[in-house]
Amino acid sequence: MTRSSFNNPRIRHWVRRMPSGAGRDAQMVAPNRPCAMIAVPSKGGIRHNVREYTAPAEIAAGANLLLQVMLAAATSQPEPAR
């Protein structure tokens, strides 16, 4: 795992690239387009359980990351067709 700050001054959180076995919709899109998932930490690492809790600040950080990525994508040049 590498830890780095996203190359965007509007994001003041650390971004960690992590290989994941979680497929979700990304596994269907990945053969055709680059894709990623945004994961935010849950208290105690509990996921997909009624006891799962993620602090509002962590949810906001994940939402802000998604916003910044979408804004960057909207203002970038399209990739040439393959």
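The values are calculated or read from the model by the stated rules, or taken from the named source; none is laboratory data. Treat the numbers as computed from the prediction; the structure is a model and nothing was measured. Glycine also receives a Cβ, built like all others from the backbone with ideal geometry; neighbour counts cover every protein chain displayed.
Please go through segment 22-65 and pick out each residue that is β-branched (V, I, T) and in a loop (DSSP other than H, G, I, E, B).
I38, V40, I46, V50, T54
The combined condition, being surrounded by 10 or more Cβ atoms within 10 Å (Cβ to Cβ) and under 22 Å from R17 (Cβ atoms), is fulfilled by A63.
Of all residues in segment 51-68, those that are over 12 Å from I38 (Cα atoms) and modelled with pLDDT of 90 or more have Cβ atoms under 8 Å from Cβ atoms of residues that are of a type in the set (S, T, Y) and surrounded by 12 or more Cβ atoms within 10 Å (Cβ to Cβ), 6 or more apart or on another chain, in E52/S42; Y53/S42; T54/S42.
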